[in-house]
Amino acid sequence: MLDKIFTKLELHFGPQHWWPVTQEGKLTPEYSGGPKNERQQLEVCFGSILAQNTSWKNAEKAIAELNKNDLIDVKKINKINAKKLAKIIKSSGYHNQKAKKLKNFCKFLSGDYYGRLDLLFKNNIAELKAQLLSVNGIGPETADSIILYSAKKPIFVIDAYAKRIANRLGYKEQSYEELQNLFMQALPNSEKLFNEYHALMVELGKNICKKEPLCGKCPINEHCGYCKSK
């Protein structure tokens, strides 16, 4: 069923061409198709952290400020005062905590991988996720976003939209890992597919499968137990 759902979502919404965050983010046109170099990969990592518990618009403003201050740089994040960094990323919300998270990530990358993402990303998916989860402030969703969208490795990101949609489809009381396994076992192991599927589910969750769903407009309502029960 999950493969049929992807096809219907793609037909309804069209290709999304995301970069990838946990909320509502799309890459600017020059990044379409994924990050091309390590600086862009680092921007995706920072964006995944900044997008926690906020809209992508707010995270995007914070990324723009980091770029303006030439702070898409591991060494510079390590050196900058945390309060000054928090002020720069204020638009992302929870800016004091997120400043600490950015610094934690960069300290980890510097200490264990000489500040190089390419060395970190040489790990297989299981080890890479374990390494990311060891960083204070990075949870499963953020770790998986970094793995999928920056490292370009196939893992399915489960965010609030995916949880809501899966619950309404009948996959209730499932943990993050259970839902992730559900999608990954039902679909071909493809980074591009997981990227696009996640983006399409965000579109569905934002525009149709809201807290108060618009079931009559839903392209997958024939598969949805919630819609059928209404």
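The values are calculated or read from the model by the stated rules, or taken from the named source; none is laboratory data. As the structure is a prediction and not an experimental result, all values here were calculated from the model. Because the Cβ atoms are built from the backbone with ideal geometry, glycine has one as well, and the counts that use them run over all protein chains shown.
Based on this model, can you work out whether residue 200 counts as surrounded by 17 or more Cβ atoms within 10 Å (Cβ to Cβ), out of contact with any Leu (no Cβ under 7 Å at 6 or more places or on another chain) and part of a helix (DSSP H, G or I)?
When the stated conditions are applied, residue 200 does not pass them.
Considered as a group, the residues in region 137-176 that are within 17 Å of the chain's Cα centre (by Cα) and polar (S, T, N, Q) include one that is surrounded by the most Cβ atoms within 10 Å (Cβ to Cβ), and that residue is 145. Might you check whether a residue that is in contact with an Asp or Glu (Cβ under 8 Å, 6 or more places away or on another chain), among the charged types (D, E, K, R), within 21 Å of residue 176 (Cβ to Cβ) and surrounded by 15 or more Cβ atoms within 10 Å (Cβ to Cβ) occurs anywhere in region 88-106? No; the residues of region 88-106 include none that is in contact with an Asp or Glu (Cβ under 8 Å, 6 or more places away or on another chain), among the charged types (D, E, K, R), within 21 Å of residue 176 (Cβ to Cβ) and surrounded by 15 or more Cβ atoms within 10 Å (Cβ to Cβ). Filtering region 170-196 down to residues that are part of a helix (DSSP H, G or I) and touching a residue at least 60 places away in the same chain (Cβ under 8 Å), which residue is farthest from residue 141 (Cα to Cα)? Checked region 170-196; the qualifying residue farthest from residue 141 (Cα to Cα) is 186.
Looking for whichever is outside the structural domain of residue 206 (by TED's automatic domain parsing), farther than 23 Å from residue 139 by Cβ and touching a His at 6+ places or on another chain (Cβ under 8 Å) here; the options are 79, 83, 87, 75. Which one fits? After ruling out the rest, the residue left standing is 87.
Taking the condition under 20 Å from residue 10 (Cβ atoms) and either surrounded by fewer than 23 Cβ atoms within 10 Å (Cβ to Cβ) or of a type in the set (D, E, K, R) (or both), does residue 193 pass? Let's see the steps before the verdict.
Values: under 20 Å from residue 10 (Cβ atoms): yes; either surrounded by fewer than 23 Cβ atoms within 10 Å (Cβ to Cβ) or of a type in the set (D, E, K, R) (or both): yes.
So residue 193 fits the description; yes.
Within region 98-136, the residues that satisfy the criterion of being among the polar types (S, T, N, Q) and either closer than 19 Å to residue 149 by Cα or outside any helix (DSSP H, G or I) (or both) are 123, 124, 131, 134, 136.
Screening residue 134 on (1) of a type outside the set (A, V, I, L, M); (2) closer than 30 Å to residue 74 by Cα; (3) surrounded by fewer than 17 Cβ atoms within 10 Å (Cβ to Cβ); (4) at pLDDT below 95 shows it passes everything except condition (4).
This table checks each residue for (1) acidic (Asp, Glu); (2) surrounded by fewer than 20 Cβ atoms within 10 Å (Cβ to Cβ); (3) modelled with pLDDT of 95 or more.
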residue	(1), (2), (3)
20	no, no, no
25	no, no, no
30	yes, yes, no
36	no, yes, no
46	no, no, yes
53	no, yes, no
56	no, yes, no
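With the condition kept exactly as written, say whether any residue in region 141-154 is among the aromatic types (Phe, Trp, Tyr), without any contact (Cβ under 8 Å) to a residue 24 or more places away in the chain and part of a helix (DSSP H, G or I).
no
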